[in-house]
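One structure is given below, encoded as structure tokens.
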Amino acid sequence: METAFAAIDMPRTLADSAYSALKRDILDFRLAPGDRFTETEIADRLQVSRTPVREALFRLEREGYLEVRQRNGWLVKPLDFNTLDHFYELRSVLETAAVHALCAPGQGPDPLRALQSLADVWLVDESGHSSDGEWLADLDERFHIDLVAAAGNPEISRVHRAATERIRIVRRLDFTQQDRIHKTYEEHGAILRAVLARDAASAVPLLQAHIQDSQNAVRKITLHRLYSTRHAKAA
């Protein structure tokens, strides 16, 4: 299955390679919010010159992951929960519109055909549930991306993917909690069953509640939990 990192898996230049490596470091918490580093440190670690590293860093700055500090190198931006709330709310609006489009009688693609790959993952017996939080975080992201893509509007899908990527780091932290893993299977399954039945009246509140639960869980994330997760990965 294509992973949530597909967009950064195929570097074409040294700058692309540096960008991919740094972005993975941020999303996997090897570079955590508040961490500082220099171009020279990154260039030495990646064994490339500072020029492609600088290009990669400014690209990540434009995407909102980093801040440049003129005298102190670079800073991984601290978590901004107001900004995260904005992206969650945007996702809720776009995904609600997608559900309405998928459930509209006689309009759009057949939901069963368009969403079959999601049904194969989420509509399974409990014995088929994964307990791998990191892998499940990627599947959760794919659920939301594919749901919107199935509605058939490329521009909405593009905006939705960008919003989804911006909350990826905290979503991956959310899946370090076993209760969230079990609940995600239940919630995704209920949403899919309603969409496949073209029952927007049921699907929309289920979807919105699922997104709100995730948003609330993110608010409980602390730097202690983030650093604990990073140390566990490094062990």
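The values are calculated or read from the model by the stated rules, or taken from the named source; none is laboratory data. Everything quoted here is computed from the prediction, not taken from an experiment. As a convention, Cβ positions derive from the backbone with ideal geometry for all residues, glycine included, and neighbour counts pool all protein chains shown. Heavy atoms of the whole protein, side chains included, go into the accessibility calculation; ligands, DNA and RNA do not. Shrake-Rupley method; radii C 1.70, N 1.55, O 1.52, S 1.80 Å.
Tabulated data for the structure shown
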read-out: Inter-residue pairs, beta-carbon under 6 Å, first outside the structural domain of Leu102 (by the TED database) and in segment 192-218, second crowded, with 20+ Cβ neighbours inside 10 Å, 6+ apart; value: none
read-out: Long-range neighbours under 9 Å by Cβ, at least six apart or interchain, first residue within 19 Å of Arg69 (Cα to Cα) within segment 27-44, second basic (Lys, Arg) and assigned to a loop (DSSP other than H, G, I, E, B); value: Pro33/Lys77; Gly34/Lys77
read-out: Test: Asp132 is open to solvent by 20 Å² or more (accessible area, probe 1.4 Å) and under 19 Å from Ala217 (Cα atoms); value: yes
read-out: Residues located in segment 73-92, provided they are surrounded by 14 or more Cβ atoms within 10 Å (Cβ to Cβ) and either touching a strand residue (DSSP E or B) at 6+ places or on another chain (Cβ under 9 Å) or among the hydroxyl-bearing types (Ser, Thr, Tyr) (or both); value: Gly73, Trp74, Leu75, Val76, Lys77, Tyr88, Ser92
read-out: Segments classed as helices (runs of 4 or more DSSP H), wholly inside segment 73-183, with at least 2 members that are farther than 23 Å from Leu27 by Cα, of a type in the set (Val, Ile, Thr) and in contact (Cβ under 8 Å) with a residue 40 or more places away in the chain; value: 81-103
read-out: Whichever residue in segment 1-35 is aromatic (Phe, Trp, Tyr) and at pLDDT below 85 and, among such residues, is surrounded by the most Cβ atoms within 10 Å (Cβ to Cβ); value: Phe29
read-out: Glu155 loosely packed, with under 14 Cβ neighbours inside 10 Å, of a type outside the set (A, V, I, L, M, F, W, C), in the same structural domain as Ala209 (by the TED database) and over 22 Å from Ala209 (Cβ atoms); value: yes
read-out: Any hit, segment 39-54, residues being closer than 30 Å to Val195 by Cβ and either open to solvent by less than 60 Å² (accessible area, probe 1.4 Å) or at pLDDT 90 or above (or both); value: no
